[in-house]
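Just below is one structure, and these are the notes that go with it.
Computed from the coordinates by the stated procedures, all read-outs in this text should not be read as laboratory data. Keep in mind it's a predicted model, so treat the numbers as computed, not measured. Cβ coordinates were reconstructed from backbone atoms using ideal geometry, including for glycine residues, and neighbour counts include every protein chain displayed.
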Amino acid sequence: MRTALVICVALFAGQAMAADGTDPDWPCIQRKQPHLSLGQMWSGPIPDDRINQLAQDDLIGNLADRLEQRRMPIETAESEIASFADTSDNDGLTALMVAVLERIEPDRTALIRGIARYGRKQVQLARKIEERREAMARLEAAASPDFDAIDAEEEALDWDQRVFVERQKSLTYVCETPVILEQRAFALARAIASHLE
Amino acid sequence: MKPLIVIGLCLSVTPAFANRVFVSNEKGNDVTVLDSDTLEVIGTYPVGNRPRGITISPNGSELYVCVSDDDIVRVFDPQTMEELHTLPSGPDPELFVLHPSGNPLYVANEDDNLVTVVDTRTHQVLAEIPVGVEPEGMGVSPDGKVVINTSETTNMAHFIDTDTLEIFGNVLVDSRPRFAEYNHDGSKLYVSSEIGGTISVIDPSTQQISHKIEFEIPGVLPEAIQPVGVRVSSDGARVFVALGPANRVAVIDGATDEVQDYLLVGQRVWQMAFTPDEKYLFTTNGNSNDVSVIDVEAAKVVKSVAVGQQPWGVVVAPD
């Protein structure tokens, strides 16, 4: 049991610290990308000040608000975009793309920050587990062991370890959440770009 | 009557040019098979856990798949997709390269810093070659005399003599090298660096870097540009580089090493494969779960085809 725990903590702590070797605050296998950029999903016109201004238009803004919501099926989004394209031009479509990204990007950035916090908490917890393990070893090595204290420490250790392992299991899903937003942005970009002339 | 004859001719001619396209789906644990002519999905077949690297024998009779979580290479009949046998690969095989003759197979084992050499006829391990930390990319010279392995952590391209199975040269490249590809006459070796964001163009005769290709895409943040897969046209004139989460494929002039264009494909573009006639180049897009089809001559994306979950590798059957 003891050996298993040590291996387990060492493994997970390593993973929690820097899976990609570039950012100690980033626990995911995927390389950290703090921000999305328009060119990752859009090869249409590059927006200038005028287009960025147009993106603040109420009609475009309201449509972008609806499109961003993931509860709207992509097929519905595509038909809403098609209706918009009927009465718009390349400028309007580019502005809609800008407005969509202006909404998805802050959500994604907040998620990325959340994942970094999650990773840091795991590192802290791994450290705490290690300290508890050392404390137990000290208690057990005492000339006249305090068995009540050992039991208490063991219970606390089990609990911390359980939390750690549960959180680590969720990490895969946590790390995939930014991808879901990226997929939405990309699918909307494809739908909008399909109407460019 | 005349239109019917025309249709009849088309029908009878078309199948001769169609090749099967095999796409490994890392998360779907299967392989999607496409028709290179109709660009339609023929079928999807389970292949084992976490399939990544995929290649086919020169005569088209055996399809090899690195099933990373099964720690093995599975071999399939490309027509029926029935499993024929397995090959020992060492732990966590990710990428491999087949000798131009079809034998042996050189497999990168990410976890134990080895390249495993496997005989595709006897199914035996011929050798294990110690290389750098986290070996990944594998390339082979057109004459089959040199195998290249890149190690992600050591940041090197290792030159391995296929006769002695010993490393005779190391080239330090930029951070996290992922893929190695020779041009047609073996005069250039392209090594992609995912974190470094570059392609090192290496002169294999001197094992020196002759040029570094850098990428800059308007409207794309530099950290999204992560070069992975590389493919060179059979005349060496054009080089295609998959740029990962930039969602672009760079088109490079093989003579000048200048970037000519960036094609928007799908999300997290990883690996690529030409059809034998080089009319099309297929790209695997891991996050949009599709394959983009590039018209090579026009350097344009002509279609995206939905495949399985997290497409990773792709290979096209020979004629």
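Across chain B, the longest piece that holds none of the GluC sites (Glu not before Pro) lying in DSSP loops with up to 15 other C-beta atoms within 10 Å covers B:83-165. Across the options B:Gly48, B:Tyr262, B:Tyr106, the greatest Cα extent toward the positive end of the charge dipole of segment B:24-316 (unit charges at beta carbon of Lys, Arg, Asp, Glu) belongs to B:Tyr262.
As a proxy for reagent exposure, B:Leu84, A:Leu171, B:Leu34, B:Leu39 were ordered by neighbouring Cβ count within 10 angstrom, fewest first; the result is B:Leu84, B:Leu39, A:Leu171, B:Leu34. Dividing the summed helix terms, -39500 (n - 2.57) for each DSSP H run of n ≥ 4, by the number of residues in chain B produces a 222 nm estimate of -1500 deg cm²/dmol to the nearest 500.
Holding the Cα-Cα limit at 29 Å, pick out from A:Lys32/B:Lys188; A:Lys169/B:Lys303; A:Lys32/B:Lys27 the pairs that are longer than that. Violating the 29 Å Cα-Cα cut-off are A:Lys32/B:Lys188; A:Lys169/B:Lys303.
Can you compute the charge dipole magnitude of the protein assembly as shown about its Cα centre, using +1 on each Lys and Arg Cβ and -1 on each Asp and Glu Cβ, nothing else charged? Give it in debye, rounded to the nearest 20.
Computed charge dipole of the protein assembly as shown: roughly 460 debye.
Temperature 20 °C, viscosity 1.002 mPa s: under these conditions the Stokes-Einstein estimate for chain A, based on its Kirkwood radius over C-alpha pairs, is 107 µm² per second. Charging the Cβ of each Asp and Glu at -1 and of each Lys and Arg at +1, and nothing else, the dipole of segment A:70-186 about its Cα centre rounds to 220 debye. Averaging the Cα positions of each part gives two centres, and for segment B:258-319 and segment A:151-181 these lie 38 Å apart. Largest GNM mean-square fluctuation across B:Asn289, B:Asn59, B:Asn113, computed for chain B with C-alpha springs under 10 Å, falls on B:Asn59. Straight-line cross-link partners of B:Lys145 among the aspartates and glutamates, defined as a Cα under 13 Å from its Cα and at least 8 positions apart when in the same chain: B:Asp161, B:Asp163, B:Glu166, B:Asp185.
Dipole check for chain A: with +1 at the C-beta of Lys and Arg, -1 at the C-beta of Asp and Glu, and the Cα centre as origin, the magnitude is about 520 Debye.
For chain A, what does the relative contact order come out to in percent, with C-alpha contacts under 8 Å and a separation of six or more? Each step should come with its number before you reach the end.
Details: 175 pairs, mean separation 64.9, N = 197.
Result for chain A is 33 percent.
Past the 36 angstrom mark, what percentage of all C-alpha to C-alpha distances in chain B do you count? Before the final figure, lay out each step's value.
Values: 6359 of 50721 pairs.
When every Cα pair of chain B is considered, 13 percent fall beyond 36 Å.
Average the reciprocal distances over every distinct pair of alpha-carbons in the protein assembly as shown, invert the result, and give the Kirkwood radius in Å.
25.0
Of all the options A:Ile104, A:Ile115, A:Ile74, the one that moves most in a Gaussian network model of chain A with Cα springs shorter than 10 angstrom is A:Ile74.
With contacts taken as Cα pairs under 8 Å at a separation of at least 6 residues, chain B carries a relative contact order of 12 percent.
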